[in-house]
Amino acid sequence: MSNISWLGANDAFPNPLYEFDPDPNVPGLIAVSERIYPGQLSTAYQLGIFPWYSDNQPVLWWSPDPRMVLKPTQFKCHPSFKKTIRHFLNDPSKQIVVDQDFGSVMRACATNVRKDQDGTWITHEIINAYTKLHEQQHAHSISVLDNGLLIGGLYCVNFGSIVFGESMFSRKPDSSKLALAALCAWCIENNIQMIDCQQETSHLKSLGASPMTRRDFLEKLQLLIKHTNIERSWNFNKEILKYWL
């Protein structure tokens with residue numbers, strides 16, 4: 001990784017719009033650092049860069065090509081899922097809450113067992129860094145509750161008019177999908193046109209996400225993050241799911 005920047009606390013990220021794939025053997029890897037330094041996570045997101053690494057690695061900073069993106073209006077809400085939404089709305093024991101317990105949602109995502117995945121990228125350092133971003137009102141959680149118990153949810157990052165989806169988890173069928181449906185409905189109501197899903201997977205594709213070239217994504221990102229003068233309230237409940245009915 002001799003051509004990849006090793007960042008210190010005060011070093012700037014390479015801009016992936018102009019300095020992409022410094023090592024062609026590791027496409028998408030933009031930079032490396034010993035740890036996540038204060039302010040670094042916020043800067044990275046606004047450049048279209050995110051951390052993804054394991055406990056036994058340095059912090060690896062990525063900007064992949066292509067980039068998986070979900071346009072909220074293209075979320076796939078099939079008739080069978082609409083039935084799930086109706087049952088959820090009609091059951092008073094089931095609720096959706098926002099930013100109620102950000103740490104619990106992150107830890108649930110970290111411990112969620114996923115097919116063909118050994119371990120987690122949601123390390124203690126990642127949890128601490130995103131918790132600080134949450135305290136700055138740039139990271140948010142959506143929790144799906146059943147009789148007050150957390151059964152599913154997601155957490156995400158928001159700058160300007162773009163949301164960056166981070167991770168989801170389910171303890172009961174469709175619970176993470178309900179959280180995503182709520183997020184998409186909120187995005188539509190708040191004129192947020194794009195949810196970054198980072199990497200291409202068949203699961204994301206089944207939900208309506210599609211790949212976008214890195215250049216197109218980064219150019220769009222630079223426009224969307226400038227919408228900082230728009231006030232949006234991250235305060236909604238399960239009633240927002242009615243959008244899909």
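The values are calculated or read from the model by the stated rules, or taken from the named source; none is laboratory data. In this text the structure is predicted, and so the values were computed from the model without any measurement. We place every Cβ from the backbone using ideal geometry, glycine too, and count neighbours over all the protein chains shown. Heads up: the accessible areas ignore ligands, DNA and RNA and are worked out on the full protein's heavy atoms, side chains in. Shrake-Rupley method; radii C 1.70, N 1.55, O 1.52, S 1.80 Å.
For this structure, a couple of remarks:
Matching residues to (1) without any contact (Cβ under 8 Å) to a residue 40 or more places away in the chain; (2) in contact with a helix residue (DSSP H, G or I) (Cβ under 8 Å, 6 or more places away or on another chain); (3) assigned to a strand (DSSP E or B):
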| site | (1), (2), (3) |
| --- | --- |
| 3 | yes, no, no |
| 14 | yes, no, no |
| 20 | no, yes, no |
| 23 | yes, no, no |
| 30 | yes, no, yes |
| 43 | yes, no, no |
| 53 | no, no, no |
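- Filtered by the rule that a residue be part of a strand (DSSP E or B) and touching a residue at least 40 places away in the same chain (Cβ under 8 Å), the range 130-157 gives 140, 141, 142, 143, 144, 145, 146, 150, 153, 154, 155, 157.
- In the range 207-245, the residues that are exposed (fewer than 11 other Cβ atoms within 10 Å of the Cβ) and farther than 21 Å from residue 15 by Cβ: 229, 230, 231, 233, 235, 245
- Qualifying residue in the range 74-93 (condition: assigned to a strand (DSSP E or B) and surrounded by 13 or more Cβ atoms within 10 Å (Cβ to Cβ)): no
Residues checked against (1) of a type outside the set (Val, Ile, Thr); (2) open to solvent by 30 Å² or more (accessible area, probe 1.4 Å); (3) closer than 17 Å to residue 127 by Cα; (4) in contact with a Cys (Cβ under 6 Å, 6 or more places away or on another chain):
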{"site": "13", "(1), (2), (3), (4)": "yes, no, no, no"}
{"site": "22", "(1), (2), (3), (4)": "yes, yes, no, no"}
{"site": "27", "(1), (2), (3), (4)": "yes, yes, no, no"}
{"site": "32", "(1), (2), (3), (4)": "no, no, no, no"}
{"site": "40", "(1), (2), (3), (4)": "yes, no, yes, no"}
{"site": "46", "(1), (2), (3), (4)": "yes, yes, no, no"}
{"site": "51", "(1), (2), (3), (4)": "yes, no, yes, no"}
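- One residue from 143, 202, 233 being more than 21 Å from residue 44 (Cβ to Cβ) and in contact with a strand residue (DSSP E or B) (Cβ under 7 Å, 6 or more places away or on another chain): 143
- The listed residue being acidic (Asp, Glu) and in a helix (DSSP H, G or I), out of 219, 231: 219
Residues checked against (1) modelled with pLDDT of 95 or more; (2) within 15 Å of the chain's Cα centre (by Cα); (3) farther than 27 Å from residue 19 by Cα:
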residue: 45; (1), (2), (3): yes, yes, no
residue: 50; (1), (2), (3): yes, yes, no
residue: 59; (1), (2), (3): yes, no, no
residue: 64; (1), (2), (3): yes, yes, no
residue: 71; (1), (2), (3): yes, yes, no
residue: 80; (1), (2), (3): yes, no, yes
residue: 86; (1), (2), (3): yes, no, yes
residue: 92; (1), (2), (3): yes, no, yes
residue: 102; (1), (2), (3): yes, yes, yes
